[in-house]
1. Starting at the first residue of the range 2-15, write each ³J(HN,Hα) from the Karplus equation 6.51 cos²θ - 1.76 cosθ + 1.60 with θ = phi - 60°, in whole Hz, x for Gly and Pro.
2. Mind checking which lysines have their C-alpha under 22 Å from K43, skipping anything on the same chain fewer than 8 residues away?
3. Can you tell me the length gained on complete extension of the stretch E42 to N5, counting 0.36 nm per residue apart and subtracting the Cα distance?
4. Any chance you could run the full-extension gain for K21 through A35? It's 0.36 nm times the residue separation minus the Cα-Cα distance, nm to one decimal.
Amino acid sequence: MEKKNSEATERCVEERERKRKEKLEKKTKQQKNEAAYNAWCEKAKNRPRTAPNSFGYCAGNLRGSTLYYV
């Protein structure tokens, strides 16, 4: 009977240790992802904006992405 109890406690301790390790790994992975995302956001601030790709009128003339009459 004591042997079964000791085995059960060992399994319980191993299970708790495994859960603790998984939780720690998940936390470090989340921190790493957040750091990468924040770095990407900082880089995105400095990127030039794209020109609009639409037609419009400028000084009374039709202007567009493919049509450019002077």
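1. For the range 2-15, the Karplus curve yields 5, 5, 5, 5, 5, 5, 5, 5, 4, 4, 5, 5, 4, 5 Hz.
2. K29, K32
3. Net length gain for the segment: 7.8 nm.
4. Contour length minus Cα-Cα distance gives 2.9 nm.
Every read-out reported here was derived from the displayed coordinates using simple, explicitly stated rules and does not represent laboratory data. In this text the structure is predicted, and so the values were computed from the model without any measurement.
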